[in-house]
Amino acid sequence: MAAPQVSDLAIYDTDFNGLIDKIIVTFSENVDTDDGSAPVAGDFGTIELPDGQNATLGGAFTDPAGSSSTVTITGITGQLTDNTAVGATAVDGITNQWKDGAANATSNPDEFETITDVAAPQVSDLAIYDTDF
């Protein structure tokens, strides 16, 4: 049986301010943290946001506890430039922090993830012109 890998990062802008604040990480199979505890920021290596900045994971994490392949991270900060497109989004450095039901640990599982843009487009600039003057 193969070790679990990150297969998808779904990015969201839940407060519609043009900055990514929620990510759902999907693994290739059900996972648990390597120590069986609830996930913490250190379990995710480095997550890069659309503008190239590293995410600050100071919010909440759902715990898959071996019965789910997804982890939802909320309260993400760190993005400096409004951008809800995929951009530079990536995850890197998740090695041995996650395991599957057969105790196979992740080993560089973050090289082939897809990025799913679930964030709605935001108006970044609006100009009103009077054309019938």
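Based on alpha-carbon positions alone, could you give the equivalent ellipsoid semi-axes of the chain from the gyration tensor, as √(5λ), descending, whole Å?
For the chain, the semi-axes come out at 34, 13, 12 Å.
Karplus couplings for the range 118-127 from phi (6.51 cos²θ - 1.76 cosθ + 1.60, θ = phi - 60°), rounded to Hz, Gly and Pro as x?
Each residue of the range 118-127 in turn: 9, 6, 5, x, 10, 6, 9, 8, 9, 10 Hz.
What does the extension gain come out to for Thr56 and Asn104, with contour length at 0.36 nm per residue minus their alpha carbon separation?
Values: separation 48, 0.36 × 48 = 17.28 nm, distance 2.77 nm.
Between Thr56 and Asn104, full extension yields 14.5 nm more.
Which ³J(HN,Hα) values, rounded to whole Hz and listed in residue order, are derived for the range 25-32 from phi using the Karplus coefficients 6.51, -1.76 and 1.60 in 6.51 cos²θ - 1.76 cosθ + 1.60 with θ = phi - 60°, glycine and proline given as x?
The phi angles translate into 8, 10, 9, 6, 7, 4, 9, 9 Hz.
Using 7 Å Cα-to-Cβ label points, what is the Phe112/Phe16 separation (nm, one decimal)?
3.9 nm
Since every read-out is calculated from the coordinates, none of them should be taken as a lab result. None of the values given here were measured: they were computed from a predicted structure. Because the Cβ atoms are built from the backbone with ideal geometry, glycine has one as well, and the counts that use them run over all protein chains shown.
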